[in-house]
Structure formats: C-alpha cells, structure tokens
Amino acid sequence: MAKPRKMLGRVEDAAIQELMELISTQSRETLTAWAAGFVRAAYLPIYEMACPGDERPRAALDGCESCLAGTMAWKELRALVKEARSAAVEVEALPVAQAAARAIATACGVYNTPTNALGFVFYGAAAAAYSAEGIQAPPARLDQLALREEERILESLRAVAVAEEPCPVKVAWNC
C-alpha cells in the first residue's frame, strides 16, 4: 500500500490561486483569526475523535486566540504551536489525525508567518479527504475532495475578509 500524502491540493488549483491573492490583501490579525477559527471548527473535531484526551492542538488554538486578544505573548504561543506539531509527529500511524494536527499547528503559526495561511489549507484538505473517504480512497477521489475543501476554505476567507484592509501582510509566495 502506498503511503498517504501529507498534503493534498496543488498550488495551480484555481481556489489556491485566489486564496493567495486574497491572503495578500488581509492583515495578520484577520488571517490569524480566520485560520484559527476555521481549523477549530473543521479539523479539531477530526483530531479529537482520533486522539481523545490529547489537548495540545486545542491548547494551541486557545493560545492563538489569547495572543490575538493581547493576553498572551507570541513567545508563549510559539511553545504551544511546537507542542501541537509534536502531536502531529506522534500520530504518524493515524494519517487523518496527523493531517488535522498539522493543519491546526500551521494555522496557529499564521500570527508569526502569514504564509501559513496558505500552508494549513493543504494539510486541511488531506484531513478532510481522509476523514471523508479514508486513506485507501483512489487518488483521483482524494484530489476531488481536496478541491472541494479548498473551495470551502476560500469561501470562509471571503466571508471574513476586510475590504481595503489598512495593514495587509507582506508575503512572498515561493511556490
């Protein structure tokens, strides 16, 4: 059996191209709040179903919200994100949980690295596709599900995007 891909989706996908453009128009705070909110709703339940009792991804999301509220420093959040990444490494035998944990950790890192606003999408697409069809699904079906998830993520950013954001992030897409 082939090893499941860690990420699904392609930079060339239309939704990804539009996400890249839209991300470039938003502030760090808008992107962080959006990414953390999306992964909390979409991927945290996937992770917690597979790994009940492991609070590290949830703690990272809580820390992300605290950082945005000004009640936690980035240094403290960085330690929580590192723990969420460790959770992903530890669940390698569970590709669905691993993809969800990676999506969460990457989304929480948007605060410091705005390009993570795109990075979490690829992990999230894998988490959603594997959760829906399993890792045994045909690659074409997984790619189809990834495209659907990309569209869903794009719609969620469109819904919260700030028109003419006064302090958009500066991103250099190296992809």
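The values are calculated or read from the model by the stated rules, or taken from the named source; none is laboratory data. If you're wondering where the values come from, they're calculated on a predicted model, not measured in any experiment. Note: ideal-geometry Cβ built from the backbone for every residue, glycine included; neighbour counts use all protein chains shown. Surface accessibility is based on the protein's heavy atoms, side chains included, excluding ligands, DNA and RNA. Shrake-Rupley method; radii C 1.70, N 1.55, O 1.52, S 1.80 Å.
Okay, here's what the table says:
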{"read-out": "Complete set of residues in the stretch 138-154 that are charged (D, E, K, R) and open to solvent by 90 Å² or more (accessible area, probe 1.4 Å)", "value": "ARG148, ARG152"}
{"read-out": "Tally, over the stretch 18-33, of residues that are open to solvent by 40 Å² or more (accessible area, probe 1.4 Å) and either of a type in the set (A, V, I, L, M, F, W, C) or assigned to a helix (DSSP H, G or I) (or both)", "value": "5"}
{"read-out": "Counted residues, the stretch 83-102 - those being touching a Phe, Trp or Tyr at 6+ places or on another chain (Cβ under 7 Å) and open to solvent by 20 Å² or more (accessible area, probe 1.4 Å)", "value": "3"}
{"read-out": "Number of the exception - LYS75 against (1) closer than 13 Å to PHE120 by Cβ; (2) surrounded by fewer than 15 Cβ atoms within 10 Å (Cβ to Cβ); (3) of a type outside the set (Val, Ile, Thr)", "value": "(1)"}
{"read-out": "Any hit, the stretch 68-75, residues being outside any helix (DSSP H, G or I), of a type outside the set (Lys, Arg) and within 26 Å of GLU21 (Cβ to Cβ)", "value": "no"}
{"read-out": "Residue tally, condition touching a helix residue (DSSP H, G or I) at 6+ places or on another chain (Cβ under 8 Å) and surrounded by fewer than 16 Cβ atoms within 10 Å (Cβ to Cβ), over the stretch 50-71", "value": "1"}
{"read-out": "Among (1) assigned to a loop (DSSP other than H, G, I, E, B); (2) at pLDDT 95 or above; (3) farther than 18 Å from PRO114 by Cβ, the one test that ALA15 misses", "value": "(1)"}
{"read-out": "Residue within the stretch 34-41 that is under 21 Å from ALA99 (Cα atoms), part of a helix (DSSP H, G or I), free of Cβ contacts under 8 Å to residues at least 12 places away in the same chain and open to solvent by 60 Å² or more (accessible area, probe 1.4 Å) present", "value": "yes"}
{"read-out": "Residue count for the stretch 46-66, restricted to those that are of a type outside the set (A, V, I, L, M, F, W, C) and outside any loop (DSSP other than H, G, I, E, B)", "value": "9"}
{"read-out": "Test: GLU150 is charged (D, E, K, R), out of contact with any helix residue (DSSP H, G or I) (no Cβ under 8 Å at 6 or more places or on another chain) and modelled with pLDDT of 95 or more", "value": "no"}
{"read-out": "Breaking point among (1) at pLDDT 95 or above; (2) open to solvent by 20 Å² or more (accessible area, probe 1.4 Å); (3) under 14 Å from CYS51 (Cβ atoms), for ALA132", "value": "(3)"}
